[in-house]
Structure formats: C-alpha cells, structure tokens
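Peer 1: Dropping a structure here in structure tokens format, bear with me for questions.
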Amino acid sequence: MLPPAIDEVGDLDVAREFSTIGVVGLGTMGAGIAEVFARSGFSVVAVEVDADGQERGKAHLRHSTVRAVARGKLSAEEQAELLGRIVFTTALTDLADADLVIEAIPERLDLKAGVLKRLDEICRPDAVLASNTSSLSVTELSVQTASPARVIGLHFFNPAPVQTLVEVVRTVVTEPEVIEDVTALAEKVGKAPVVIGDRAGFIANALLFGYLNHAVSMLEAHYASREDIDAAMRYGCGYPMGPLALIDLIGLDTAYEILDTMYHQSRNRLHAPAPLFKQMITAGLLGRKSGHGFYVYAAADSSEVVADAATPQQGAETGTTVRPIASVGVVGTGTMATGIVEVFAKAGYDVLVRGRSAEKATAAVAAVANSLDRAVTKGRMTAADRDTSLARVTPTAALEDFASVDLVVEAVAEDLEVKRSVFATLDAVCKQGAILATTTSSLPVVECAAATARPGDVVGLHFFNPAPVMKLVEVVHTVATDAEVIATAQQLCVDLRKVPVSCGDRAGFIVNALLFPYLNDAIKMLEGHYASADDIDTAMRLGCGLPMGPFQLLDVVGLDVSLAIEETLYLELREAGFAPAPLLEHLVTAGRLGRKTGKGFRDYN
Ligand SMILES: NC(=O)c1ccc[n+]([C@@H]2O[C@H](COP(=O)([O-])OP(=O)(O)OC[C@H]3O[C@@H](n4cnc5c(N)ncnc54)[C@H](O)[C@@H]3O)[C@@H](O)[C@H]2O)c1
C-alpha cells in the first residue's frame, strides 16, 4: 500500500520535472553536490546549520570553482552564473518548494533522521528526499519519515564535481518512479548511476574500506612504512592514491564511522576499525581537514605534504654501505625473466641469461630483442640504443658462468623445490659478496635463503608484470638479510629507474596482500547477488578511480593465479575473511581461467 503522501500526488504517468534542488550540509560532500547541480543549470537551495557553516560552504564552492576556472574547465562567466544559481540559507523551511533535497550532514543516524523527519514535514509531498550517507541504512533513515516511499540513497563520491559514479540506493519500499526519475536526473548532470539495494557500504565502500582498514593494520603492525604502503598501491596497481593518503582525504573520523557501521552489519572482523584509527581521532589527527593524519600537511585543508620525523631519509644519508653492482645474472627464460633482462640491459648492466638449454637461453635473448624492436618502432628508443642494450646481453646454459656476477636474479617457475635447488647451486658457484635475489610473488624468500650457506646475501626483488613498464619493485627482506644487502637492492632499483618499497617476508608482500582480499570480497559480493559484475566494475572504476574493475582485473591476471595467491594468503594468515570465494574455486575447476582461456567472469572472443 502506498503511504498517504504519495497517494496525494495521484497518478504519475510522466517523469518528475526537477528544477530546484535542495542540499543540506555544505561540507566536503554537500558543497560538491551543490556545485554539480548548479553547474548543470539547476536552482540550488543550500542549507547550513549556522552562519559559520554557510561561510565555510561558500569558501568550499569558491575554492573548487576557482580551480576549475584555472584549469580551463569553466569560464569566469560560467563560474559567476553557477554561483548565482545557489541560494544560501540556514532555514530548512526554505526547502518547501524544492523538487529534490539531498542531505549531506555528518554520518550519524540521529542527526540524519532528525533532518529527514523535518524535511518530510516541510517539503511538498511529491518532492524526493535523498541521503548521501556512505554506510547508514537508508531504510532505517526512511522510516523516520511519514513517507518512506519517497526516500532514496544518492551516494556521490569525493570530490563530487569530479567523480562520475553515483550509487542510487533503493530500499524495499522506495517507489519505483522515484528510482527511475532520480537515476535519469543523475544521468542528466553527467553522472554514471548504479542502482543497488540497501547494504552497509553499498558497492564501492563495502569493497574499498576493507582494503583501507587492512592498509592501516599493516602500518600499525610496522610491516611497511606509510610511504611504502602508498607507493606500492600507486606503482604496483596504478591506483591514483595510496590507501593512507586516501584515508587522510576522506577524513579518519568519517572512515572510522563507515567501518564501524559496516562491522555492525557484517560482523566481518576485517571491517572492525583498526585500533590506530581511534587513537589518531582522539588525538585530533583527522587527515587533511585538520592538517595532520597519517601525513602532516602544510595547513588544514591543504594537500601539500610536509616532512615530519617519520619521513624516510634519502639513500646516502642512512649511512649503510652499498655494494657495487656492474654485472648481473638472470636465471630463467619466461615472461618475468626476459622483462627483467631488458630492464637491466637498458640501464647499462652486463647481463647473463641462463636457460635450461642453450636454445632456451638464445630464445630469451630473441624475446628481449623483439621487445626492444617494438620500442624502436614506437619511437621510444633509438636503433643505436637498442643495439647497445642488446650487446650487453649474453645467453648461457651453465649456471657456472655466474661465478663472477655481482647480483643474480632468479625468475624460474613458482615452485619451491625448483627455486631451492637453483639457490643451492648459486651458493656453490657465485663469488663471495654476490647478492642472490628471488622474484617470487608468493613463496617465502627465507626458504631460498635457507638453501644457501649465505642467508644474509639473499633478498626478494618482486618485479611486476610487464617488468619494463611497471615501476614498482618490492624489496623483501627476510629475518636474515644483511642491512647492506637491503640498501644495495634499494639503490639498485633507483638506478634502474624503478620505485622500490621495503617489506618483510610475509605472504603477498604489500601489493598482493592488499589487492587480493579486495578482489575476493568483490567475488563474494557477486556470489551474494548484491550487484552484477558490470555494476561492481563500474563502481570501482568510477567511484574510486581504479584503472580496472575487479572482474576485469581478475580475468587479466588469471583466475588460477588469483586463486593460488588467495590460498597462500589464507594458509599463512588464517584470516577467515581471506578464504577464497567458492565461486572462484568453481570457475577454476570448470577451466574458466580468464582471458587466457577465452572465458572467466566474462566471455572473450
Ligand atoms: N567525505 C567523503 O569522502 C564522503 C564521500 C561520500 C559520502 N560522504 C557522506 O556525506 C555526508 C557528509 O560528509 P562530509 O565529509 O561532507 O562531512 P563534513 O563534516 O565535511 O560536512 C558536514 C556539514 O554538515 C553541516 N551540518 C551539520 N548538521 C547540519 C544540519 N542539521 N543542517 C545543515 N547542515 C548541517 C556541517 O556544518 C558541515 O558543514 C556523510 O553522510 C558522509 O558519510 C562522505
């Protein structure tokens, strides 16, 4: 049965006309939402709690539109027109004639419920009432009003003028026309709406915040530094920001509330806010808005990071000696090995490539030559540079030829026994002081070290695929690695024009440990029929600015490879939430391995 307020509207056979939009709360989100609608020609009535709030809101809008003008995205006249369409007020009663009101006040159920109840009394019966909540139940908010059928979630992303995703959240009682009309309106203002049900965190935050929380736990456990955690996700996954910098932007208090709400609904331990959140919030470290969060900023609301006591010193200043590296041996002839050979040769190192046969070693050099030829064709390298680089590479079938190299990089099959036997041979063959590195992405580096009588010289150098393109290298130290070896490996990465990050010898290192539980959560969301693979991919690309959605990425990486990584993480960390999603196991069993087999989460031609 329809509630009385909707009955009064009568039969609606045409879509609502929206012309006046109300926005309540002009903070980070509200000001952005007001800008979005004013920019598209709508009249906006913007309500703040008091005159101070109003001034802050105006300043947000001025700041953001001035930036848009400076970047050539808006002309000065358009800016003036845009601002002219917004009426600022402190009286909710000024919303009596609005067609749609979006509340964007702080993430607290009591506050939001109070405002929606008042709006229900003030606004016309056909007006739509929307909440920008990130995690609270829209259903719970809607029942605080006398007309829950006209209440909807309209979740914009930060910064609202830039991010195109809008999650349109329907409850079990939202009127279908309300959903249709609001979705059409979101499209009209240039957004990409995704309609979903009412669950804590919706799509994007439900997947994002588990990952953000995990990054905070990693920092709290001193597994890696804040700079390295952030650099790992930027350079290893192409994310626009690292997780800790992103939490600083979102606000630690807001992030805490979102996680807490998600935890209370999911009872998933991975959503329980890491204890560090509470400590920092209590100390007033809220992120950019307070000028200090995981990083220190030049001022409140500034994006400029300034150095503090935790900022890492540059290489030479640390005082650790670095071993000279001029010649390198690479063991293996696969994709990673040939990519790594190319990286070293281009950076001016002499490289020996060892294959299990002379033919394989020669074929590996040919693969490097091919890749360099492509670079020349694309104009990224001169023919002369290609020839000089290639002249530095020598194939061999004998590990004994590695007797005089300064560094060996092992990149053979991801099989512990095979790797251990390579390390035992290297130990017998290589000169004293040579550094022995493994590129393993999931096996313990210390197992390779233990196969030698020189564990202090063994380190992990985890390159990403394709090695010539991807900037990140995870430098993995075991409990036995010498400080000098770690420092040399880091300096070497810099000399290779890569970005090194340092971490301990734990399953998944930084990137895979943060990435794969998130991908697994996406599979569980699909399996739970909450949203389609397309909607989940869209939400993560457009809401979080990720280069690929989770299902796109899983199909590229390969579902068998993904399952193996998830199993490794689960077996080592025994975290119930890391247990691979049954759907992933079934797809692998059915031979649907992703792009390489033509079928994965999607079908390919
Ligand atoms: N920060 C984000 O990245 C983000 C992203 C998407 C959604 N959200 C959601 O948007 C909402 C607002 O978050 P924010 O980050 O903009 O918070 P904020 O603290 O920056 O802004 C809240 C604003 O609401 C005002 N306000 C408080 N009570 C009010 C009232 N009764 N009437 C009018 N104004 C009132 C405050 O003065 C403040 O300016 C929250 O529900 C949040 O979860 C936040």
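The values are calculated or read from the model by the stated rules, or taken from the named source; none is laboratory data. Predicted, not measured: the structure shown is a model, and the values here were computed from it. Using ideal geometry, Cβ is built from the backbone for each residue, glycine included, and neighbour counts are taken over all protein chains shown. Please note that ligands, DNA and RNA were not included when accessible areas were found on the heavy atoms of the full protein model with its side chains. Shrake-Rupley method; radii C 1.70, N 1.55, O 1.52, S 1.80 Å.
Peer 1: Mind checking which residues of segment 73-95 are part of a helix (DSSP H, G or I), closer than 30 Å to Gln144 by Cβ and open to solvent by 50 Å² or more (accessible area, probe 1.4 Å)?
Peer 2: Looking only at segment 73-95, we keep the residues that are part of a helix (DSSP H, G or I), and these are 76-84, 92-95.
Now drop any that are not closer than 30 Å to Gln144 by Cβ, which leaves 92-95.
Hits for segment 73-95 are Thr93, Asp94.
Peer 1: Right, something else. Which pairs turn up if I take residues in segment 76-96 that are free of Cβ contacts under 8 Å to residues at least 60 places away in the same chain and look for partners that are outside any helix (DSSP H, G or I) and of a type in the set (S, T, N, Q) with beta carbon separation below 7 Å, at least 6 apart in sequence or on another chain?
Peer 2: Qualifying pairs under 7 Å: Arg85/Ser43.
Peer 1: Hey, any hits in segment 505-522 for a residue that's open to solvent by 30 Å² or more (accessible area, probe 1.4 Å) and assigned to a loop (DSSP other than H, G, I, E, B)?
Peer 2: Within segment 505-522 (the criterion being open to solvent by 30 Å² or more (accessible area, probe 1.4 Å) and assigned to a loop (DSSP other than H, G, I, E, B)), the answer is yes, since at least one residue qualifies.
Peer 1: Additional query: With the requirement that a residue be open to solvent by less than 30 Å² (accessible area, probe 1.4 Å), within 19 Å of Val47 (Cα to Cα) and assigned to a loop (DSSP other than H, G, I, E, B), what does segment 108-137 give you?
Peer 2: Cys123, Ala127, Asn132, Thr133
Peer 1: Let me spell it out: the conditions are (1) over 30 Å from Pro468 (Cβ atoms); (2) assigned to a helix (DSSP H, G or I); (3) away from the ligand (no atom under 16 Å from the Cβ), and Ala231 meets all of them except one. Which number is the exception?
Peer 2: (1) is the only condition that Ala231 fails.
Peer 1: In addition: Of all the residues that make up segment 138-171, how many are more than 11 Å from the ligand (Cβ to nearest atom), open to solvent by less than 30 Å² (accessible area, probe 1.4 Å) and assigned to a loop (DSSP other than H, G, I, E, B)?
Peer 2: The total comes to 3.
Peer 1: Restricting the search to segment 415-440, which residues are at pLDDT 95 or above, part of a helix (DSSP H, G or I) and either touching a Lys or Arg at 6+ places or on another chain (Cβ under 6 Å) or not hydroxyl-bearing (Ser, Thr, Tyr) (or both)?
Peer 2: Correct list: Glu417, Val418, Lys419, Arg420, Val422, Phe423, Ala424, Leu426, Asp427, Ala428, Val429.
Peer 1: Applying the selection to segment 343-362, what residues are in a helix (DSSP H, G or I) and either under 19 Å from Thr438 (Cβ atoms) or over 37 Å from the mean Cα position of the chain (by Cα) (or both)? Don't jump to the end; show me each part of the working.
Peer 2: Narrowing segment 343-362 to residues in a helix (DSSP H, G or I): 343-346, 358-362.
Passing the criteria: Val343, Phe344, Ala358, Glu359, Lys360, Ala361, Thr362.
Peer 1: Could you list all residues from segment 172-184 that are hydrophobic (A, V, I, L, M, F, W, C) and in a helix (DSSP H, G or I)? Spell out the reasoning first.
Peer 2: Taking segment 172-184 as the starting set, the residues that turn out to be hydrophobic (A, V, I, L, M, F, W, C) are 172-173, 178-179, 182, 184.
Across segment 172-184, the qualifying residues are Val178, Ile179, Val182, Ala184.
Peer 1: Still on this structure, please answer the following. Would you pick out the residues in segment 535-565 that are in contact with a strand residue (DSSP E or B) (Cβ under 9 Å, 6 or more places away or on another chain) and open to solvent by 40 Å² or more (accessible area, probe 1.4 Å)?
Peer 2: Listed by number, the residues that qualify are Asp535, Arg541, Leu542, Val556, Val557, Asp560, Val561.
Peer 1: Let me spell it out: the conditions are (1) assigned to a helix (DSSP H, G or I); (2) away from the ligand (no atom under 14 Å from the Cβ); (3) touching a strand residue (DSSP E or B) at 6+ places or on another chain (Cβ under 6 Å), and Pro193 meets all of them except one. Which number is the exception?
Peer 2: All conditions are met except number (1).
Peer 1: Against the condition surrounded by 22 or more Cβ atoms within 10 Å (Cβ to Cβ), in contact (Cβ under 8 Å) with a residue 12 or more places away in the chain and farther than 30 Å from Ala245 by Cβ, how does Thr362 come out, does it pass?
Peer 2: Criteria not met by Thr362.
Peer 1: If you don't mind, another one. Among the residues of segment 21-36, what is the count of those that are in a strand (DSSP E or B) and more than 6 Å from the ligand (Cβ to nearest atom)?
Peer 2: Number of matching residues: 3.
Peer 1: With (1) open to solvent by less than 50 Å² (accessible area, probe 1.4 Å); (2) more than 28 Å from Pro312 (Cα to Cα); (3) of a type outside the set (Gly, Ala, Ser); (4) assigned to a helix (DSSP H, G or I) as the list, and Glu400 as the residue in question, which single condition is left unmet?
Peer 2: Among (1) open to solvent by less than 50 Å² (accessible area, probe 1.4 Å); (2) more than 28 Å from Pro312 (Cα to Cα); (3) of a type outside the set (Gly, Ala, Ser); (4) assigned to a helix (DSSP H, G or I), Glu400 violates only (1).
Peer 1: Please go through (1) assigned to a helix (DSSP H, G or I); (2) in contact with a His (Cβ under 7 Å, 6 or more places away or on another chain); (3) free of Cβ contacts under 8 Å to residues at least 60 places away in the same chain for Met262 and return the number of the only condition it doesn't satisfy.
Peer 2: (3)
Peer 1: When only residues in segment 266-275 that are buried (at least 16 other Cβ atoms within 10 Å of the Cβ) and in a helix (DSSP H, G or I) count, which is nearest to the ligand (Cβ to nearest atom)?
Peer 2: The selected residue is His271.
Peer 1: Still on this model: Scan segment 441-470 residue by residue and report those that are hydroxyl-bearing (Ser, Thr, Tyr) and at pLDDT 95 or above.
Peer 2: Taking segment 441-470 first, the residues hydroxyl-bearing (Ser, Thr, Tyr) are 441-442, 452.
Of everything in segment 441-470, just one residue is hydroxyl-bearing (Ser, Thr, Tyr) and at pLDDT 95 or above, namely Thr452.
Peer 1: Here's a follow-up. Being closer than 17 Å to Thr164 by Cβ and within 15 Å of the ligand (Cβ to nearest atom) is the filter here, so list the residues in segment 56-70 that pass it.
Peer 2: Applying the first criterion (closer than 17 Å to Thr164 by Cβ) to segment 56-70 yields 64, 68.
Once the filter is applied, which keeps residues that are closer than 17 Å to Thr164 by Cβ and within 15 Å of the ligand (Cβ to nearest atom), segment 56-70 yields only Ser64.
Peer 1: Are there any pairs, at least 6 apart or on different chains, whose C-beta atoms fall under 7 Å, with the first in segment 40-52 and more than 29 Å from Ala184 (Cβ to Cβ) and the second within 11 Å of the ligand (Cβ to nearest atom) and open to solvent by 50 Å² or more (accessible area, probe 1.4 Å), and if so, which?
Peer 2: Note: pairs meeting the criteria are Val49/Thr90; Asp50/Thr90; Ala51/Thr90.
Peer 1: In segment 200-243, how many are within 14 Å of the chain's Cα centre (by Cα) and open to solvent by 40 Å² or more (accessible area, probe 1.4 Å)?
Peer 2: Selection size over segment 200-243: 5.
Peer 1: When the residues of segment 37-55 are filtered to those that are assigned to a helix (DSSP H, G or I) and surrounded by 15 or more Cβ atoms within 10 Å (Cβ to Cβ), which remaining residue is nearest to the ligand (Cβ to nearest atom)? First the steps, then the outcome.
Peer 2: Residues of segment 37-55 that are assigned to a helix (DSSP H, G or I), as a first pass: 37-39, 51-55.
Then keep just the ones that are surrounded by 15 or more Cβ atoms within 10 Å (Cβ to Cβ); that gives 37-39, 53-54.
On the way: Phe37: 15, Ala38: 17, Arg39: 18, Gly53: 4, Gln54: 9 Å.
Step by step, filter segment 37-55, then rank; the result is Gly53.
Peer 1: Here is a further query. Given (1) under 25 Å from Lys431 (Cα atoms); (2) surrounded by fewer than 16 Cβ atoms within 10 Å (Cβ to Cβ), identify the lone condition not met by Gln313.
Peer 2: Unmet for Gln313, out of (1) under 25 Å from Lys431 (Cα atoms); (2) surrounded by fewer than 16 Cβ atoms within 10 Å (Cβ to Cβ): (1).
Peer 1: Tally time: how many residues in segment 276-297 are open to solvent by less than 50 Å² (accessible area, probe 1.4 Å) and under 18 Å from Ala221 (Cα atoms)?
Peer 2: Within segment 276-297, the first condition is being open to solvent by less than 50 Å² (accessible area, probe 1.4 Å), and the residues that meet it are 276-277, 280-281, 284-287, 290-291, 293-297.
Now restrict to residues that are under 18 Å from Ala221 (Cα atoms): 276-277, 280, 293-295.
Final tally of qualifying residues: 6.
Peer 1: Is it true that Ala98 is within 16 Å of the ligand (Cβ to nearest atom), part of a loop (DSSP other than H, G, I, E, B) and either closer than 17 Å to Gly22 by Cα or acidic (Asp, Glu) (or both)? Outline the logic, then answer.
Peer 2: Details: within 16 Å of the ligand (Cβ to nearest atom): yes; part of a loop (DSSP other than H, G, I, E, B): yes; either closer than 17 Å to Gly22 by Cα or acidic (Asp, Glu) (or both): yes.
Against the criterion (within 16 Å of the ligand (Cβ to nearest atom), part of a loop (DSSP other than H, G, I, E, B) and either closer than 17 Å to Gly22 by Cα or acidic (Asp, Glu) (or both)), Ala98 qualifies.
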